[in-house]
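The values are calculated or read from the model by the stated rules, or taken from the named source; none is laboratory data. Everything numeric in this text was worked out from a predicted model, so none of it was measured. Positions of Cβ are backbone-derived with ideal geometry, glycine not excepted, and every protein chain shown enters the neighbour counts. Protein only, heavy atoms only, side chains kept; ligands, DNA and RNA dropped before computing areas. Shrake-Rupley method; radii C 1.70, N 1.55, O 1.52, S 1.80 Å.
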Amino acid sequence: MKSIRIGSGLGFYGDNWEPVAASIELGDVQFIASDHLAELTLAILQKDRQRDPALGYARDVVPMLLRLWPLMQPRGVRFVCNAGGLNPHGAAQAVLAAFAAKGLQARVAVVSGDDVLPQLLSTEAPPDTFAHLFNGSPVDTVRERLVFANAYVGAAPIVRALEAGADIVITGRVADAALFLGPLVHALGWTLEDATTETDLNRLAQGLTVGHLLECSGQGSGGNFGSQGAWLAIPDLAHIGYPIAEVWEDGTAFITKAPGTGGRVNVDTVRQQLLYEVHNPHAYFSPDVVLDMGHIRLSDEGGDRVRLTGARGSAPTGTLKVVAGYRDGHKAEVTWGFSWPDAWDKAQAAQATIRALLADRRVPFDELFVEYPGLNSAHGALAPVPDTAALHELNEIWTRLVLRTPSKAAADGFGRLFPWIGLSGPAYTCGFSGLHNTSELLGIWPTLVPRQAVEAGVKVELLGSSAPVAVPVSARAEASAAPPAPRDTVSAEPVSWRSDGGSPTATVRIPLVRIAHARSGDKADWVDFGLFAWNAAGYALLAREVTPARVQAHFASWLPGEVDAWALPNILALKFVLRGALQGGGARNLRLDNLGKAMAGALLRLEIEVTQAELEQALNTPRVGWWGEGQQTNPGETSP
């Protein structure tokens, strides 16, 4: 039975590619797949394209490939990325020009055809066509302000590019996990476009899961691990190894990393990534297959190796998701500090001065957003603010003021309201930053488009040439005839809580952070949470106490949106989505944490009531994740 190894590339535009080099040199990989695009990234690329029509792609692809291709070429490693963004041909030409200047050669394939802006701009479609995916608003409300619209294309054109002999495949807006699924389908001979049987669909579901686990680089190997204390046990993040998947012909997969690199691959780090930004985990839609995570099994084999099985797939729908962007005004921001004494009072007085100046000058604006970095910018109204006496004794207060305005001139002039106060306002100013920090805001418009209207126009073009090199057409066959058998592991199966003593009525209130860990991310205007118990005893408490109503009530004073929720006992996790939490999406959100990445910490502040005996069992039951030899209880804490 064949197997291949595929490594994670970048997880976003601007990520670090040295861990990718380590995977190539030490990880025995045949493919690297690199995800440069997020919803917010397309907004950034659109601003680049407005300045220079030759841009619109993730420009880090050029220096990255200059570093990596000399390592990949002699090893026969092939590379797939979506760095083409809004201009995949421009990206490919830039790479080939840079290669030519260095005497390098490669066959570069370009996948294009995901641009659907002309369809959204057309007024001939029925009124309900291209409605907002989350709130149903008609596209007419933003049509005249649309600047880009790209469909999430699937893995099929990537497969065709690899079959044509491409060394490097550069795409536009394909689905993130399709970057990984394409090489798996190509190398392992899976059925893709004609997949109808349970076996074929489940293999694709396993491949989609692999792609999702690898698409965010270090987040799949211990980076951004949301917890209290446990993250300290993850070794050498300065030299983190990005995740690598060893995938077998039957779909069985193992998540690992290159030997000698930092980070940690275990059930805990893998499942945090598994639920990241997927909305409904029982119906994770992709262009190639619909994934149900409800039967996934993660088995910790120790030594930074996790076995993945059980993903289930069903046929994809007749539509593709589109992410579109529209002009939505401008913003300007200034951060301003005052020191003790009376730092808080000075900050309030200065803020009142700015409001008075805006009124005096009749500056048009929609909102003046205020937050205090270091005090409440991460968790808003859920942040514990010092009492009045302590607040007035703080050494310093930094105030971040962000103006949202329809007028570019108003945004450009906002910073000029501040400098004079350095000499004529309250004393002990620590300084200003951002006096000339203005930008255009772009709203995100998610919608659906008939897949046949997109796929008919998708093109694959092979550019460049290379001297003959050993490029594998299919994965090498391993000596083993089947995937390695599972090792003995700690079971992740949930169990009912069973009291071994203590008063059943004596209870204590605890924050979730004592028995759980969490990760959050963004999807347009929604914040997406995964909440994970360290063990089955903790999961029983989460499942009983952390209801959608309680989560909604917890955030209500700050973000009063509706909450969707799903339970996944197979991975000891709860999934929540908080709607309307990001001021319309990351590209127009004025908060410092515009993508909601810190909001999982706010969820971990939620308090539940448990008995002392329940708490002790949750703290002392061995964890399901491998954290190194002799580390079995909850990291950073034991029972009192």
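With a Förster radius of 35 Å applied to the beta-carbon distance between residue 297 and residue 549, the computed FRET efficiency rounds to 0.70.
Is the shape of region 290-373 best called rounded, prolate or oblate, per the rule: a/c under 1.5 gives rounded, else a/b larger than b/c gives prolate, else oblate, with a ≥ b ≥ c the square roots of the Cα gyration tensor eigenvalues? Mind showing how you got there, number by number?
On the way: a/c = 5.85, a/b = 2.01, b/c = 2.91.
Judged from the Cα gyration tensor, region 290-373 comes out oblate (a/c at least 1.5, b/c at or above a/b).
For region 514-522, the Karplus equation 6.51 cos²θ - 1.76 cosθ + 1.60, evaluated at θ = phi - 60°, returns couplings of 6, 10, 8, 10, 7, 9, 9, x, 10 Hz by residue, with Gly and Pro reported as x. Between residue 348 and residue 557, the modelled labels are 1.7 nm apart [label points 7 Å from Cα along Cα→Cβ]. The trypsin sites (Lys or Arg not before Pro) of region 351-389 meeting both criteria, a DSSP state outside H, G, I, E and B (loop) and at most 11 other C-beta atoms within 10 angstrom of the site's C-beta, are 361, 362. Taking other residues whose beta carbon is less than 15 angstrom from the beta carbon of residue 284, and scoring Lys, Arg as +1 and Asp, Glu as -1, yields -2. Scattering from region 525-633 was approximated by placing one identical point on each alpha carbon and applying the Debye formula without solvent; log10 I(q)/I(0) at 0.11, 0.20, 0.23 1/Å stands at -0.41, -1.05, -1.23. Scattering from region 314-422 was approximated by placing one identical point on each alpha carbon and applying the Debye formula without solvent; log10 I(q)/I(0) at 0.09 1/Å stands at -0.35. Structural size metrics of region 101-194, computed from C-alpha coordinates, are Rg and Dmax of 17.6, 54 Å. Building the convex hull from the alpha-carbon atoms of region 172-239 and averaging its projection over directions returns 6.8 nm². Extent along the principal axes, Cα only, for region 154-289: 48, 34, 28 Å, with the longest axis given first.
Here's how it looks for residue 430: its modeled amide H is under 5 Å from those of 337, 338, 339, which are all 5 or more places away or on a different chain. The phi-based Karplus calculation (6.51 cos²θ - 1.76 cosθ + 1.60; θ = phi - 60°) puts the 3J(HN,Hα) values of region 115-122 at 6, 10, 4, x, 5, 6, 6, 5 Hz, whole numbers, x for Gly and Pro.
Between residue 339 and residue 197, the C-beta separation translates, for a Förster distance of 56 Å, into a calculated FRET efficiency of about 0.25.
Proximity of backbone amide H atoms, modeled 1.01 Å from N, is registered between residue 463 and 108, 109, 110 at under 5 Å, excluding neighbours fewer than 5 places apart on the same chain. Counting protein heavy atoms only, region 261-350 has 50 percent of its accessible area on carbon and sulfur, 1.4 angstrom probe. Full extension of the chain between residue 315 and residue 327 gives 0.8 nm of extra length, using 0.36 nm per residue less the Cα-Cα distance. Applying the criteria of a DSSP loop state and at most 15 other Cβ atoms within 10 Å to the chymotrypsin sites (Phe, Trp or Tyr not before Pro) of region 366-467 yields 420, 428. A quarter of the convex hull surface defined by the alpha-carbon atoms of region 232-290 gives 5.6 nm² as the mean projection.
Computed FRET efficiency, Cβ-Cβ of residue 51 and residue 453, R0 41 Å: what is it to the nearest 0.05?
Numbers: r = 30 Å, r/R0 = 0.74.
Plugging the Cβ-Cβ distance into 1/(1 + (r/R0)^6) gives 0.85.
Calculated on the Cα set of region 56-125, radius of gyration then Dmax: 15.2, 53 Å.
Sites listed here are GluC sites (Glu not before Pro) in region 253-344 whose DSSP assignment is loop and whose Cβ has at most 12 other Cβ atoms within 10 Å, and the list is empty.
State, as an integer percentage, the relative contact order of the chain based on alpha-carbon contacts under 8 Å between residues 6 or more apart.
Details: 1498 pairs, mean separation 103.2, N = 640.
Relative contact order for the chain comes out at 16 percent.
Please give the charge dipole size of region 318-370, origin at the Cα centre, charges +1 on K and R Cβ atoms and -1 on D and E Cβ atoms. Round to the nearest 20 debye.
In debye, rounded to 20, region 318-370 gives about 240.
For region 377-440, the residue among 428, 415, 394 whose Cα projects farthest onto the positive side of the dipole built from Cβ charges is 415. The calculated P(r) of the chain, using every Cα pair and 20 Å bins from 0, goes 18, 49, 29, 3 in percent. The amide H of residue 262, built 1.01 Å from its N in the peptide plane, has 239, 240, 241 as neighbours under 5 Å, considering only residues 5 or more places off or on other chains. What the chain shows is 38 Å² of accessible area per residue, with the surface traced by a 1.4 Å probe over protein heavy atoms.
Assuming a ≥ b ≥ c are the square roots of the Cα gyration tensor eigenvalues, decide whether region 240-343 counts as rounded (a/c under 1.5), prolate (otherwise, with a/b larger than b/c) or oblate. Walk me through the intermediate numbers first.
Numbers: a/c = 2.89, a/b = 1.39, b/c = 2.07.
Because a/c hits 1.5 or more and a/b fails to exceed b/c, region 240-343 counts as oblate.
Mind checking the full-extension length gain between residue 28 and residue 125? Use 0.36 nm per residue of separation minus the Cα-Cα distance, one decimal, nm. Please list the in-between numbers first.
Values: separation 97, 0.36 × 97 = 34.92 nm, distance 5.03 nm.
29.9 nm is the gain from fully extending residue 28 to residue 125.
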